[in-house]
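Derivation of every value follows stated rules applied to the coordinates shown; laboratory data play no part. The structure presented is a predicted model; accordingly, all values stated were derived computationally and were not measured. Neighbour counts run over all protein chains shown; Cβ positions are idealised from the backbone, glycine included.
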Amino acid sequence: MNVRSLLMMLFAAVFAVGAAAQNCPKERTLDVPASVTFGPVQNCGDINYRLPGISLSTVPNGCPMFLIYTPPHQVAVPSDNLTQVVSTSTSAITLATFRCQTRWLIIIPIGSNCVLDQQKNVGVVQTLVTAPCQL
Amino acid sequence: MSHTSKAATRSRRTVLILTTTGLVFALAFGIALGGPRPPAPAPAASTTPTAAAAATQARGDDPATRVVIVPEAPPPVVATTAEPSFEQRVEELAQIARRTAELAEQDDLAAATASDQTARERFGELMQRFDDAGERGLAMLAAMPVPDLDPLTPARRGVLRVVLQGELQRRHETALAVQDHRRVDALVSNLVDLMPGTEFLIADGEWALADRPYLRLVHEPAVLSLVRLSSEERFPRSVATRLLLTLWHNLQATGERSSDELSRLALLMLADGDPSQRTAACRQLLLDARYRPLVLSWLRERGDRTIANEIASLAARDLPPTAALDVLRELGPLLPRLPGAYMTLGFRAPEVLADAYRELLASNTQPSRRTDLLAGVAMAPGEIGVELAQFALDNDPSPDVCLQAMFAFCTRRDVTGAEAAINRVLDDEAVRNDPARLDAVVMAFQNLEAGGDVNVIDRVGQRLNNLPLSPASRQLLAGILQRALPGGEFSTPR
């Protein structure tokens, strides 16, 4: 291999790195913990509700009209490094609606139950990983 | 609708009306109890006239002048009905509650109503007979084992909760009338002190005190003590935060502390290490427009996403909609996605979110926030959600925003609209060639399963089945089709 070939290879390598740097989004992942957001409450009894990774029970002072469960996920944020984020899986944001089921006819409200009415997927969040940009 | 189901519907309606009437009656009854009541029963030992006289003198007089009365010979024994104790009355009410429920479930409404009437009378007697019903009920709650497998325990707890609430209410009303809060304050103090004891007391204490007017300045040390326990993970933080917020609200409402004083206190608490105090402080300051920028700046500098998430939820629930939207926008750099908070706000004020979405679309910026805004508007009842979603499908260049618009259709009962929305997003190469985005489509499609329209599931399922799905989505799709289609098989391709 002569000097000319070596110079050409070096130039190609430098060019490739430069091009990669230009195309690289320079992002990394940021962990966001799971969250549950409750809607307004109806006067009702206790609640028992289970979802993968979360169990809610005996929420006092009423029955939420709905709750929104956002599973743990990652979001992309700027990074100083030549990295990018890659999606590895998708999780659903779940909306659960509740209603009071009153079975007891008495002034003592021990018979009202907060029961699950519907459960729906209302959006998605991504599980992301940080990966180096391809050179 | 069959005759049977009509009758059942009528029965349920009657049950509802009666229940509502019962609650109104209970409220009125509780208010009535605020007036003067006969004194509490004398101790069991003081049932003879002489002993009662001795007890009266002993209670009311100075010890130095107390007259000692020699007991007389006991009177002849006569058959009398013993006065039921507090515990016996609670037990009786719990039994009546269960019996009433059984009658109601059997649709024997006449008997259920009669039983309900008996419960009201017995409850009234209990509250009139015991002017320390709150303390007695609290003692019973504190003594309940957790977990308690006795099937009557929920009924007993229900009775005791109503007793506690009734007692707090009547003492509070009397206190307002005579400007003397000592009796209600004492009961509240007992309750707060006992709360860390058991799960029942935590739940019942929160039920009795949160968002109610009973916590006052005198209880501040006890509430802060719960906050400290929560920072040591010995008490639920959400409950501690809620009680602290209730306390501050009450202090402001009654004038025990001015808004400025509370804000200054909150500023001090921002620097505190305890998360409950910080959350409460943030909320207090966010409510005051003068301090809002300061809190947001503090949140950004601190970078604590857990607190930021809680604040986002609080703002979405409690702040005026435009102020809440400002807070969510300001938290954007810290939390790029806030779907739960936007959905909560969208339930309250969809128009505000819809306007913000249109503004961002006009400048074609912040697709993540546009996604959350659309998700929020979709929570609103009525047509505004699908109208904006259709507008997004027609105009928004971001495939991810369009995917969120698709969800707005797929959470409604209109399966035809949902099918059109899914087909619309699948027409976009950026979606149909991207397994991650197809995951979202399959999850939206899953909502249609409950609608039960076989033809729509068949058509959309066939289209999805031919796309490059991720293994997880392919498995999810197979499950949906298996459950929804006859024999789990597609119809003949058209």
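Counting only Cβ charges, +1 for Lys and Arg and -1 for Asp and Glu, the dipole size of the stretch B:215-335 around its Cα centre is about 160 debye.
Between amide H atoms placed 1.01 Å from N, distances below 5 Å from residue A:79 occur with A:27, A:28, all of them 5 or more places distant or on a separate chain.
Averaged over peptide B:95-105, the number of partner chain Cβ atoms lying within 10 Å of each residue's Cβ comes to 4.
In this simple spin-label approximation, residue B:253 and residue B:427 carry label points 7 Å from Cα along the Cα→Cβ vector, and these lie 5.4 nm apart. With the Cα gyration tensor of the stretch B:215-335 giving a ≥ b ≥ c as the square roots of its eigenvalues, does the rule (a/c under 1.5 for rounded; else a/b larger than b/c for prolate; else oblate) give rounded, prolate or oblate? Taking the square roots of the gyration eigenvalues as a ≥ b ≥ c, the stretch B:215-335 is oblate.
Taking the alpha-carbon centroid of each part, what is the distance from the stretch B:130-154 to the stretch B:355-428 in angstrom? One Cα centre to the other: 51 Å.
Across the stretch B:439-455, computed HN-Hα scalar couplings (Karplus, 6.51 cos²θ - 1.76 cosθ + 1.60, θ = phi - 60°) run 3, 5, 5, 5, 5, 5, 4, 4, 5, 6, 4, 5, x, x, 7, 4, 5 Hz from first to last residue, x flagging Gly and Pro. When only alpha carbons are used to place a centre, the stretch B:201-252 and the stretch B:255-328 end up 17 Å from one another.
For the peptide A:68-75, the mean number of other protein chain Cβ atoms found within 10 angstrom of a residue's Cβ is 3.
When the chymotrypsin sites (Phe, Trp or Tyr not before Pro) in the stretch B:80-150 are filtered for DSSP coil states and for at most 16 other beta-carbon atoms within 10 Å of their beta-carbon, no site remains. What you get for the stretch B:381-422, charging only the Cβ of Lys and Arg (+1) and of Asp and Glu (-1), is a dipole of about 160 debye around the Cα centre. Here is the list for the stretch B:396-494: GluC sites (Glu not before Pro) lying in DSSP coil, each with at most 16 other C-beta atoms within 10 angstrom of its C-beta, are B:489.
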